[in-house]
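Take a look at the structure set out below.
The values are calculated or read from the model by the stated rules, or taken from the named source; none is laboratory data. Remember, it's a predicted structure, so these values are computed and weren't measured experimentally. Methodologically, a virtual Cβ is constructed for each residue, glycine included, from the backbone with ideal geometry; neighbour enumeration extends over all protein chains shown. Heavy atoms of the whole protein, side chains included, go into the accessibility calculation; ligands, DNA and RNA do not. Shrake-Rupley method; radii C 1.70, N 1.55, O 1.52, S 1.80 Å.
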Amino acid sequence: MKSVVTTVIASADAAGRFPSTSDLESVQGSIQRATARLEAAEKLASNLDAVASEAYNACIKKYPYLNNAGEANSTDTFKSKCARDIKHYLRLIQYSLVVGGTGPLDEWGIAGQREVYRALGLPTAPYVEALSFARNRGCAPRDMSAQALTEYNALLDYAINSLS
Amino acid sequence: MDKRFFKLFNLTEDQAIALLDTPQDQLSEDDSRYIAASHLVNFPTERSIQALMRAVQQTDPALDNRIVRRKSVETLGWLEAPQALPLIHTCLADEDCYMVENAVWAIGEIGTDDPDILEDVAKLLDKPGQTHRVIIHTLAKLGYKPSLERIRNFTESTDPTTASAAITAVCRFTQDYSEMGKVVAMLQHPNVLARRLSIQDLIDAHYDAAIPQIARCPVSLVFRLRGIRLLAEAAGEAIAFETIQPDLERVLYDHPKDLDLVHRYEQPPALPALIRGLYETDFGRCYLAVQTILENYAEEAPEALFATYAEEAVYDYGAHFHVVKLFGWLKHAPAYDLLIEALHNTQPQFQKSRAGAAIALGELGDQRAIPELKACLETKIWDLKYAALMSLEKLGDRGYEQVIDDPDWLVRAKAKSQQRQLA
């Protein structure tokens, strides 16, 4: 699993050298942010279902045309589509918070997944809209500390950016 | 191409264009330019194409605009708009690797033999941080042979999906398919995306020799059916229906005993943990859970399945499918009504549960299902019709007469094969 630490060691090893000063600084930076990341990970884990359902419920409310009846755009369709996949992405975001790098998202949620969505004609818009809602809705200190929220939002942005 | 999700956002063309043209800071809270850019895929008109091109030229680097630009390029690719090629060409130099990926993909969809564009795509192979797999796909699809040696450098890539695409492209360029075994081996990779995407590479290479291994690959049957079908269609008359029929039907039947599973449990987990396993996004793990439930918890499982269905699986299109199938394998007669409901569920993301329910009803052996299955022969969903035929055959019904001239060639071939058997 790729993280700041494994990346630094892998590139030092590939060159047959010790980690450089700047390598160690980036590891140090990652460690300094670890408390905030783990706080965000803990809060997210204990609220995963609520965050996911709030995100898709809000989306439906926000985009009334998603509610129109019909084979491909009924409310239930959109809700259940999101419920499953948003939870999956939030779980990968939670792993990434723990790891301290985007490895879990990259390896399990993004690399190749974009191709799958295109090949099967699956819509990315519902994920993007629901994750955007989750990002805009987070509030410090109500949900978590400001530093933890920064870490969490950075990963939400990363997921939105790379899925769209 | 499966387009059942394309009309998800019920906008008119005028509304979507107006939305896409609205400056980001003037949008109301209820609107999304990203959705507009996605939705224009439904309108292959000059107006839509021009609107999408205008959106690509809005270069505000804010995230909200960046994703709209990218999506607009993707939609231009779907619309196969050659007038957008010069503009998409300029996107190859973009800083944003996903914009570059979409531009490369769109060029592949639109098609070109312009050597300047193709060379610029090939040069991206030397640029780190790009989605090299998609670049390789487009170069192979458009037959740009000067990129062969550069592609060859990726055949040993540590990323299995890039290596798979590179091996396939080299085989296609050189017409030497001796290395394709390495791509076939990826069907057993521990990473689910490597397994899924190697099927795409086998399709691209027209490597129909791999059909039996594709059938046994532990990924969702959607990927396996797509692979077998596209390979058979590419082969045309070179492959007889009877050759692919056993593998095709094993995939539609979709029992875990017919799969080469890549995951193992150290100890069989307790039933609640196995039920959770049905919700995994890697179907390889779901099939392992299904098999373990069948082997260890056949007695207790129905109650737990009804409970998880009511609570969650009814909304979760992955677990929904496995619950439906399990009721069939368990031959659990009280699940009849649930299966009938699943059989007629028209929500698009539950589509694979419909064919799954058809198979499960065949397992139950309840004759009341015959008219219900026959009603499915009227739909346009080929795998549902085929699965219904398999179960009708099991229930001793001559449903094939209804689809002997079906527009779908696989359904027609199945009906004719049943007719011959009974003649």
State whether chain B is rounded, prolate or oblate according to the following rule on the C-alpha gyration tensor (a ≥ b ≥ c being the square roots of its eigenvalues): a/c under 1.5 gives rounded; otherwise a/b larger than b/c gives prolate, and the remaining case gives oblate. prolate
GNM flexibility winner over chain B from B:ILE67, B:ILE151, B:ILE214 (Cα, springs under 10 Å): B:ILE67
Could you pull out the trypsin sites (Lys or Arg not before Pro) across the stretch A:77-164 that fall in loop regions by DSSP (anything but H, G, I, E, B) with no more than 13 other Cβ atoms inside 10 Å? A:ARG142
Per principal axis, largest first, the Cα atoms of the stretch A:1-48 extend in Å by 44, 20, 8
Reduced to Cα centres, the span from the stretch B:11-31 to the stretch B:190-215 in Å works out to 41
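Answer rounded, prolate or oblate for the protein assembly as shown, using the Cα gyration tensor with square roots of eigenvalues a ≥ b ≥ c: rounded when a/c is under 1.5, else prolate when a/b is larger than b/c, else oblate. Don't skip to the end; give the middle numbers.
Details: a/c = 1.42, a/b = 1.27, b/c = 1.12.
Because its axes are fairly even, with a/c under 1.5, the protein assembly as shown counts as rounded.
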Loop trypsin sites (Lys or Arg not before Pro), the stretch B:318-410 (other Cβ atoms within 10 Å of the site Cβ: 13 or fewer; DSSP): B:LYS331, B:ARG368, B:LYS380, B:ARG398
When the accessible area of the stretch B:1-110 is computed with all protein chains present and a 1.4 Å probe, what percentage of it is carbon and sulfur? 49
Rg and Dmax in Å for the stretch B:164-291, alpha carbons only: what are they? 15.6, 52
What ratio of Cα Rg to 2.2 N^0.38 Å holds for the stretch B:1-110? 0.98
Neighbour cut-off at most 10 other Cβ (10 Å), DSSP loop, GluC sites (Glu not before Pro), the stretch B:364-423: B:GLU378
Separation of the stretch A:115-158 and the stretch A:1-45 by C-alpha centroid, Å? 23
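Taking each residue in A:123-135, count the Cβ atoms of any other chain within 10 Å of its Cβ, then average. What number comes out?
4
Please compute, for peptide A:103-113, the average count of beta-carbon atoms on other protein chains lying within 10 Å of each residue's beta-carbon.
If you average over the peptide's residues, the count of other-chain Cβ atoms is 4.
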If we sort B:283-292, B:173-182, B:31-40 on the protection proxy, mean other Cβ atoms within 10 Å, highest first, what's the order? B:31-40, B:283-292, B:173-182
If you count, for every residue in B:72-78, the Cβ atoms of partner chains within 10 Å of its Cβ, what is the mean? 1
Accessible area expressed per residue, chain B, with surrounding protein chains retained (probe 1.4 Å, Å²): 42
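Sort B:THR59, B:THR155 by accessible area with a 1.4 Å probe, largest first. Don't skip to the answer; put the middle values down first.
Working: B:THR59 95, B:THR155 35 Å².
Sorted by accessible area, descending: B:THR59, B:THR155.
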Tell me, which residues of the stretch B:186-230 get at least 40 Å² less accessible area when the other protein chains come in, versus the chain alone (1.4 Å probe)? B:LEU193, B:LEU197, B:PHE223, B:ARG226
Extending each Cα 7 Å along its Cβ direction at B:GLN24 and A:LEU120, get the distance between those two points in nm, one decimal. 3.0
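Suppose a student asked you for the relative contact order of chain B, using Cα pairs under 8 Å spaced at least 6 residues apart; what percent would you report?
Here the relative contact order equals 7 percent.
Pairs of alpha-carbon atoms within less than 8 angstrom and 6+ residues apart define the contacts here; what relative contact order does the stretch B:1-110 have, in percent?
Working: 135 pairs, mean separation 24.3, N = 110.
Relative contact order here is 22 percent.
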Accessible surface buried upon B-A contact (total; probe 1.4 Å; Å², nearest 100): 4200
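Kindly provide the helix-only [θ] at 222 nm of chain B, computed as the sum of -39,500 (n - 2.57) over DSSP H runs of four or more divided by all residues, to the nearest 500 deg cm²/dmol? Could you put the intermediate results ahead of the total?
Working: 24 runs with 254 residues, N = 423.
The per-residue figure over chain B is -18000 deg cm²/dmol.
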Roughly speaking, what is the centre-to-centre gap between the stretch B:125-158 and the stretch B:371-398 when only Cα atoms are used, to the nearest Å? 44
For a quick check of understanding: with a 1.4 angstrom probe and all protein chains in place, what accessible area in square angstrom does B:LYS127 have, to the nearest ten? 80
